[in-house]
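Please treat every number below as a calculation from the coordinates, not as lab data. None of the values given here were measured: they were computed from a predicted structure. Neighbour counts are summed over all protein chains in view; Cβ atoms, including those assigned to glycine, are modelled from backbone coordinates with ideal geometry.
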Amino acid sequence: KGRLGLTIIPGAFEPDLRLIARELVTGKTTDLQMPPPPAPRAELMREKVVLENARAIPPFLRDLRKVYLAIGEDMPLELVKPLTDILKARGVDVQVRRARQLAVKGFDTEVGRGIYRTTGSILPGAQDTLEVDRAVIAVGSVANNALIRHVSCDRRWTLRCGLDGYPGAGHAYLVHLWRPFNLRQNSMMLIVNDEDGIRVGIEYLVSASR
């Protein structure tokens with residue numbers, strides 16, 4: 001017998017959250033249904049830009065050589081121009097694309113990231129994928145950015161937050177991701193719900209890129 005201490009972030013999981021424990025020798029499992037706390041309210045947060053994996057963000061930006069800036073379908077191009085300008089001034093090869101031009105297809109979450117190793121189905125029910133050939137900074141929301149939607153279907157708590165309108169008006173949620181679209185390059189998602197959120201998120205990235 002033992003005790004497992006957990007910290008559950010409010011709004012970080014789907015409503016059907018289950019905690020499953022597996023005994024390694026016999027393979028026996030037990031599970032516990034856990035009611036999730038309410039989703040976070042961005043208006044109660046002091047930070048305009050909420051970071052996840054914050055320590056990995058400066059090295060990612062510092063070491064960039066080639067990147068796709070994949071923006072939401074209805075996002076004005078001029079809102080990301082300050083970021084493209086500073087990256088290009090540093091010699092980074094920046095290509096701005098609408099997310100639909102790069103979006104990988106859906107994949108079987110039971111297979112996980114291993115499906116990125118092939119261009120065809122490796123298990124029944126698994127769907128094809130399209131490898132993205134460089135780092136990506138995806139900007140937008142679950143609603144308007146196919147890349148963010150794709151990753152969020154794997155990171156189900158991110159999907160729930162996105163569907164609940166997180167991070168809210170005038171806020172941005174910046175996440176560093178390890179190899180989400182291929183087996184070589186890391187990427188980032190800047191999740192925003194409105195133009196003010198885009199501006200504060202891009203301002204943060206511009207400052208961090210200097």
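Less than 12 Å Cβ to Cβ from Glu73, Lys/Arg counted +1 and Asp/Glu -1: what total charge do the surrounding residues give?
On the way: positive: Arg97, Arg98, Arg100, Arg149; negative: Asp74.
Around Glu73, the charge tally is +3.
Which whole-number value in Å³ per residue fits the convex hull of the alpha carbons of the range 164-210? Mind showing how you got there, number by number?
Numbers: hull volume 3.5 nm³, N = 47.
Considering the Cα atoms of the range 164-210, their hull volume per residue is 74 Å³.
The smallest convex shape that holds all Cα atoms of the range 48-97, its convex hull, gives 100 Å³ per residue.
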